[in-house]
Every structure is written in C-alpha cells, then in structure tokens.
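A short write-up of the structure that comes next.
What follows is calculated from the coordinates using simple rules that are stated; it is not laboratory data. In this text, all values refer to a predicted model and were calculated from it rather than measured experimentally. A quick note on method: Cβ atoms are made from the backbone with ideal geometry, for glycine too, and the neighbour counts reach across all protein chains shown.
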Amino acid sequence: MRSSALYRCNTKNGSVRRGIDISELEQIIDEYQDKLYQFAFFRLGDYSQAQDVVQDAFVALYGERTRVRRDNLKAWLYRVVYNRCVSLHRQRQHRTMLPLSYAALLTETDEAQGDMDEGVREYLRIERLVASLPEEQATVVKMRFTDGLSFVEIAAILGLSDNTVKSRCRYAIAKLRKEYAQMTFDDE
C-alpha cells in the first residue's frame, strides 16, 4: 500500500480509495489559488468574477475530494475554472470587459504616463489579435503564454492530445505574426 495521503485505507472493507484528505485542502488552496485567480482573471477581465470562479472551484474540490486523484489535481482544478469562465462568457454574450484601471491609464495626460499608455495600447492590440483567433486557438495561446502551462498540462485540462495542442498553438502563432505585421504596417 502506498504511504501517500492520496491512497488511504477505507476502514469499512479495507479497500484502497483515491482522494484528497481534508487536511490537504488548505495546502492545495495555498498552492493553487493565485495561479487559478490569474488564469480566471485573464479570461474574464473582472476581479470579483475571477475570485468567485476560483472559490467555486475549491468548493467543487471539497465536494469531490474523495474522487479527485492527486496526480490529476492541477488539471482538474484548471478544467473546473476554465469551464466556469466559459459559462460566464456565454452568460455575458461575449462582451469584452477590461478592468477600470486600464481606462484610468488611458485617460491620464501626465507626460510620465506616456510610456505606460503605449504599453497599455500595445497590450490592447495584442488582446484584439488574440480575440480574433478561433476560440480553440486563443484558449491554447492564453494557457501557454499567459498562464505558463506546458503543452502536456494544457492537453490534460482541455482533454486533447499533446499534438493537437501543439498544432493549435503553432497555427495561432503564425496567424498572430501575420496579423501583427499587417497591423504594424497599417499604423505607419
């Protein structure tokens, strides 16, 4: 029998059962909360909704703790957050919301703010480009470059093969390069 808390003996029939001990939940929350929040925030653009989505994921983990495998925990948590973000997008009917801090940055007139304004404008240009990608490609690009997930992790979260994830990323990057070059050329 394994010594990990992941595999513990069921006292009723002596069989091995998979799950997460309730004592591990606080450690799991500490380990994943900030990463999941960032993941949700970059998809929703709303602070409170991102917090709610992450909280919902941990509540779901609590309810499913006896069935979730520790070796699949990260993918499971990201998948729950991803699915809730998709649901919220559908409810909002694909409205794009940026945090109010971006609007404040764009409206300031201080000269020292000029570089920041350009950085925000560049961010918004890239966001528009990524938003113009097909949803399945945009999702992979955000997970890879915004969230820093590996292709293997993305594949596990989305339920796809590694090769499919790599292919979507490659095609998305090619489209982004082409569109960015065109956008830069048009701005001159």
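General observations
- Amide H contacts of Val68: Ile20, each under 5 Å away and 5 or more positions distant or on a separate chain (H built 1.01 Å from N in the peptide plane; Pro and chain starts excluded).
- Listed values for the stretch 26-34 are Karplus-derived 3J(HN,Hα) couplings in whole Hz (6.51 cos²θ - 1.76 cosθ + 1.60, θ = phi - 60°), namely 5, 5, 5, 4, 4, 6, 10, 4, 5, and x replaces Gly and Pro.
- Placing a label point 7 Å from the Cα of Tyr47 along the Cα-to-Cβ direction, no residue of the stretch 117-149 has its backbone N under 11 Å from that point.
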